[in-house]
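Q: I have a structure I would like to understand better, so I am pasting it below and will then ask my questions one at a time.
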Amino acid sequence: MNEQMLWPKAVKDRLKIGADREIVQSYPYRSTCPSTVWAELIEGATEKLFFGGFTSYFLWAQVPAFADTLRRKARSGFRVRFLLGDPDGPVAARAAGAGDRLP
């Protein structure tokens, strides 16, 4: 038995379904997200760009004129940051399982 069975109105009242919802779309893997989404998000940013992950190489491969866009936004006062993980660190080891390196 779940919450919706016990309290259907309470669950429905908490779900955001309008334009103000927090999650618009989700993808199980980065590779399943269309490249057009990345391009739209980057182009639509109005103040800062922050990228985090073990690599960000896919952005240069999938987003047209990515370097030019970053350069243009940075020159206009944007804060552009990349946080890169250590592929030999403990977090990568846990993510890959049993101490294996990430590819």
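Q: Would you point out which residue out of Thr36, Thr46 is exposed (fewer than 12 other Cβ atoms within 10 Å of the Cβ), of a type in the set (Val, Ile, Thr) and over 30 Å from Val91 (Cα atoms)? Step through it out loud before you land on a result.
A: Details: Thr36 fails: over 30 Å from Val91 (Cα atoms).
Matching residue, one of Thr36, Thr46: Thr46.
Q: Give all pairs with beta carbons closer than 6 Å in which a residue from the range 35-57 that is over 23 Å from Arg75 (Cβ atoms) meets a residue that is surrounded by 13 or more Cβ atoms within 10 Å (Cβ to Cβ) and at pLDDT below 95; count only pairs at least 6 apart in sequence or on separate chains.
A: Ser35/Gln62; Phe54/Gly85; Phe54/Pro87; Phe54/Leu102
The values are calculated or read from the model by the stated rules, or taken from the named source; none is laboratory data. For clarity, every value in this text was computed on a predicted model and none was experimentally measured. In this analysis, Cβ positions are derived from the backbone assuming ideal geometry, glycine residues included, and neighbour counts consider all displayed protein chains.
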